[in-house]
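Peer 1: Mind having a look at this structure? Questions to follow.
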Amino acid sequence: MNLKEVLKDKLTKEELKHVKRSFEIIGDIAIIEIPEELEDKKHVIAEALTEINKHIKVVIRKTGELSGEYRTGKYELLTGNRTETIYTESGCRFKLDPTKVYFSEKLGTERQKIAEQVKDNESILCMFAGIGPFPIIIARKKDVKIHAVEINPTAVKYFKENVKLNKVADKIEIFKGDVDFVVPKINKKFDRILMPAPKNAEDFLDLALDCVKKNGTINYYTFAGEENFKTLRKDIREKCKKKVKITDIRKCGSFAPGVFRVAVDFRVLD
């Protein structure tokens, strides 16, 4: 039974037209969007969600887009009395509060793809590491050393807890701060650099190119419309200003109508 079926006796036919079928589940928290037309029925909709999925204990409503230095959204608690949860992915457990840190379960498949690319003994830099999903999943599967940088202090707190929770503290070193300031101080070259922040990764591409080893790999993320996707290979080569070999370009989710989150994997040849 889907959400609209549960609500058919609780909302009018006109109101049902405004109900959004899709929602995100992180741990036992459901994140939903409710249009203004259904403002007075928001709690009814939230309760209906808990009816169709008994695993859901908390429902929060997204009221504002991601913004600010930490890329967090605005939310309203509709059911439950907390916003912290435990999310499981690829055999790893992640403690987080989605109202205070950026996290998307929609990138689970992408995180698995990257972990499969990584080889044992790689040295890895993860920029914009968040609560640690990319580094931790890799560290659980491979014998690696990872330096991870995150600016949001709340995300760093959860990252440190998650490293202990998943028993990978010996493989990951966490740095709190802006990558522009932290990475030069690390003063190290890496076999692989992860850049999982598509909104502004381009601003840090020169920094990544400076600290990747020859023949090293950069996993770069960006946003692109359908028309831009066709020229992305050429655009990346021009932005790098170095000889690179692009090994894969793939869409890894929708950001907005006609706009995709795109992963670009490339090796730096000089």
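Here, each number is a calculation from the coordinates, and none is a lab measurement. As the structure is a computational prediction, the values presented were derived from the model and not from experiment. Backbone-built Cβ (ideal geometry, glycine too); neighbour counts: all protein chains shown.
Peer 1: Size of the dipole of segment 47-113 about the Cα centre, Lys and Arg at +1 and Asp and Glu at -1 on the beta carbon, nothing else charged, in debye to 20? Intermediate values should be presented prior to the final figure.
Peer 2: Working: 13 positive and 10 negative charges, 32 e Å.
For segment 47-113, the charge dipole is close to 160 debye.
Peer 1: With respect to the cross-link table entries Lys95/Lys119; Lys100/Lys141; Lys119/Lys242; Lys8/Lys42, which display a Cα-Cα separation exceeding 19 Å? It would help to have the intermediate numbers written out before the result.
Peer 2: Values: Lys95/Lys119 27 Å; Lys100/Lys141 28 Å; Lys119/Lys242 24 Å; Lys8/Lys42 14 Å.
Exceeds cut-off: Lys95/Lys119; Lys100/Lys141; Lys119/Lys242.
Peer 1: Determine the alpha carbon to alpha carbon distance for each of Lys157/Lys241; Lys54/Lys157; Lys176/Lys245; Lys185/Lys241 and list only those over 26 Å. Intermediate values should be presented prior to the final figure.
Peer 2: Working: Lys157/Lys241 37 Å; Lys54/Lys157 30 Å; Lys176/Lys245 31 Å; Lys185/Lys241 24 Å.
Pairs exceeding the cut-off: Lys157/Lys241; Lys54/Lys157; Lys176/Lys245.
Peer 1: Still on this model: What is the extension gain from Lys57 to Asp143, computed as 0.36 nm multiplied by their sequence separation minus the C-alpha to C-alpha distance, in nm to one decimal?
Peer 2: Values: separation 86, 0.36 × 86 = 30.96 nm, distance 3.66 nm.
Taking 0.36 nm per residue and subtracting the Cα distance, the gain is 27.3 nm.
Peer 1: May I pose another question? What pairs in Lys113/Lys189; Lys214/Lys243; Lys189/Lys243; Lys106/Lys167 have C-alpha atoms more than 19 Å from each other? Intermediate values should be presented prior to the final figure.
Peer 2: Details: Lys113/Lys189 23 Å; Lys214/Lys243 10 Å; Lys189/Lys243 17 Å; Lys106/Lys167 24 Å.
Violating the 19 Å limit, Cα to Cα: Lys113/Lys189; Lys106/Lys167.
Peer 1: Would you mind calculating the gained length between Glu116 and Asn200 on full extension (0.36 nm times residue separation, minus the Cα-Cα distance), in nm to one decimal? Mind showing how you got there, number by number?
Peer 2: Working: separation 84, 0.36 × 84 = 30.24 nm, distance 2.52 nm.
Additional length available on full extension: 27.7 nm.
Peer 1: Compute the normalised compactness of the chain: alpha-carbon radius of gyration over 2.2 N^0.38 Å, N being the residue count.
Peer 2: Values: Rg = 20.2 Å, N = 270, 2.2 N^0.38 = 18.5 Å.
Cα Rg divided by the expected 2.2 N^0.38 Å: 1.09.
Peer 1: Right, here's the next one. In terms of the ratio Rg/(2.2 N^0.38 Å) built on C-alpha atoms, what value belongs to segment 1-136? If you can, show how the numbers build up before the last one.
Peer 2: Working: Rg = 17.3 Å, N = 136, 2.2 N^0.38 = 14.2 Å.
That works out to 1.22 for segment 1-136.
Peer 1: At R0 = 22 Å, how high is the FRET efficiency between Glu84 and Lys4 if r is their beta carbon distance? Nearest 0.05 is fine. Don't skip to the answer; put the middle values down first.
Peer 2: Numbers: r = 30 Å, r/R0 = 1.35.
Approximately 0.15, to the nearest 0.05.
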